[in-house]
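The values are calculated or read from the model by the stated rules, or taken from the named source; none is laboratory data. Predicted model, so just to flag it, every value in this text is computed and none were measured. Here the Cβ is made from the backbone with ideal geometry for all residues, glycine too, and neighbour counts use every protein chain on show. For the accessible areas, the whole protein counts, side chains as well, though only heavy atoms, and no ligand, DNA or RNA atoms are used. Shrake-Rupley method; radii C 1.70, N 1.55, O 1.52, S 1.80 Å.
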Amino acid sequence: MLTVVAMAQSVEDAGAKYNEGNAFFKEGAYGKAVTSYENALKIANSVGTDADALKGNIEKQLMNAYFKNGLLQYKGRKYDAAVAYLEKAYAISGRLDDESMKTSTSTYIAKVRSTKGNSLLKENKVDEAFAEYEIALEVEPTCVNAYYGKGLVYKSKDDMDNMVVNMDKVIEYGTGDSKAAKTVMKAKSTTAKALVVAGAKEIQNGNGKKAAEYIVSSFNYAPGDAQDYYYLALAYNKTQNWDEAIVAANKSIGMKPEKNKSETYFALGQAYEGKGDATGACNAYKNVNSGPNVDVAVYQITQVLKCN
């Protein structure tokens, strides 16, 4: 009789702690709810099979409390604590075969990892940030934020090929998802700008072919502006692809304000001159009226081409 009474009391104790946890949960005190549910589960486990029904309820509520507390920590930017709670919720969801919670927790774990990665990237802790993005993708292989973060890492390392691969994943998985719309837009914009910048660097290095490849690729992500087509004209001039340089320069001239066309006219003149079209070159050089190329243009007009 004493044994039975003790066991019944222990189940009651577990139930009391469970109810205590429920009260905290309703108040939004999820940390306190976790503590109460953990104590309730510990008591239920010590009781044995007589507490099995209660144990199931406790585990479910503990899972929910872990999840809610994880979100609370995330809002407070306590990323490690958030991941710890969410991973505990994920573990219980697996035992309970709760697919909805498994999906929710994995999604948020990846989101928290990605956000932590972004914070590390702002601190220039590139390798640590990359590790967070990788873990996020292990948990959620279609995490748009993690792919975007990896793309930024590769961009910071001037690795355009891998940047494009990851930004393309952002576009692939994020297109059609309203929650990912801003990230998709940022991916397109970031990729376009990075490719143009990379192209400009290649022009400075004398690699016109690679420069043209980068700049043309940028148009897959955003429409080119006048400066982009100016750079493209320079790139084509480097490779003596005169016809393409003429097309790019004229497109840039059509976009640019009147006062900013001199550099582009100079590039156009070089393209016509390279092609052997003296008339076209003369007409272009005559429009170079400001900037560092004025003297060179005058020289080409008067001494080389002897324009009328």
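Quick one: length gained pulling Lys75 to Lys193 fully straight, 0.36 nm per residue minus the C-alpha distance?
Taking Lys75 through Lys193 to full extension adds about 39.3 nm, to one decimal.
If I stretch the segment between Thr239 and Asp158 completely, what's the gain in nm (0.36 nm per residue apart, minus their alpha carbon distance), one decimal?
Working it through step by step, the gained length comes to 26.9 nm.
Is any residue of the stretch 45-85 close enough, with backbone N under 19 Å, to a label point placed 7 angstrom from the Cα of Ala23 along the Cα-Cβ axis, and if so, which?
Those under the cut-off are 58, 61-62, 65.
Hey, can you find the accessible area per residue of the chain for me, probe 1.4 Å, expressed in square angstrom?
Averaged over the residues of the chain, the accessible area is 54 Å².
Quick query: amide H of Gly291 versus all other amide H atoms, modeled in the peptide plane; which residues come in under 5 Å with a sequence gap of 5 or more or a different chain?
Counting only residues 5 or more places away or on other chains, the set is empty.
On full extension of the chain, what length is gained from Glu172 through Asp295, given 0.36 nm per residue of separation minus the C-alpha to C-alpha distance?
Once the chain is fully extended between Glu172 and Asp295, it gains 39.3 nm.
Which whole-Hz couplings ³J(HN,Hα) result when phi for each residue of the stretch 278-288 is put into the Karplus expression 6.51 cos²θ - 1.76 cosθ + 1.60, θ = phi - 60°, listed in order with x for Gly and Pro?
Whole-Hz 3J(HN,Hα) from phi for the stretch 278-288: 5, 4, x, 5, 4, 4, 5, 4, 5, 8, 8.
Based on the Cα gyration tensor of the chain, what are the three equivalent ellipsoid semi-axes, each the root of five times an eigenvalue, rounded to whole Å and given largest first?
The answer is 68, 14, 13 Å, longest axis first.
Taking only Cα atoms, what is the 0 to 90° angle, nearest 10, from helix 79-95's long axis to the longest principal axis of the chain?
60 degrees
Which whole-number percent is the relative contact order of the chain (Cα, under 8 Å, 6+ apart)?
7 percent.
Using a basic spin-label model with each label point 7 Å from the Cα along Cα→Cβ, how many nm lie between Val165 and Ala91?
The modelled label-to-label distance comes out at 3.4 nm.
In straight Cα distance, which aspartates and glutamates are under 20 Å from Lys169, not counting same-chain residues fewer than 8 positions off?
Once the sequence-local aspartates and glutamates are set aside, what remains near Lys169 is Glu132, Glu134, Glu138, Glu140, Asp158, Asp159, Asp161, Asp177.
Roll a 1.4 angstrom probe over the protein heavy atoms and tell me the percent of accessible area of the chain that is carbon or sulfur.
Percent of accessible area from carbon and sulfur atoms in the chain: 50.
Of Lys256/Lys286; Lys116/Lys179; Lys182/Lys259; Lys155/Lys201; Lys155/Lys210; Lys78/Lys157, which pairs sit farther than 23 Å apart, going by alpha carbon to alpha carbon?
Lys182/Lys259; Lys78/Lys157
How high is the FRET efficiency from Thr103 to Thr35, r the C-beta distance, R0 25 Å, rounded to 0.05?
Between Thr103 and Thr35 the formula returns 0.40.
222 nm [θ] for the chain, helices only, -39500 (n - 2.57) per DSSP H run of 4+, per residue, to 500?
Here the helix-only value at 222 nm equals -26000 deg cm²/dmol.
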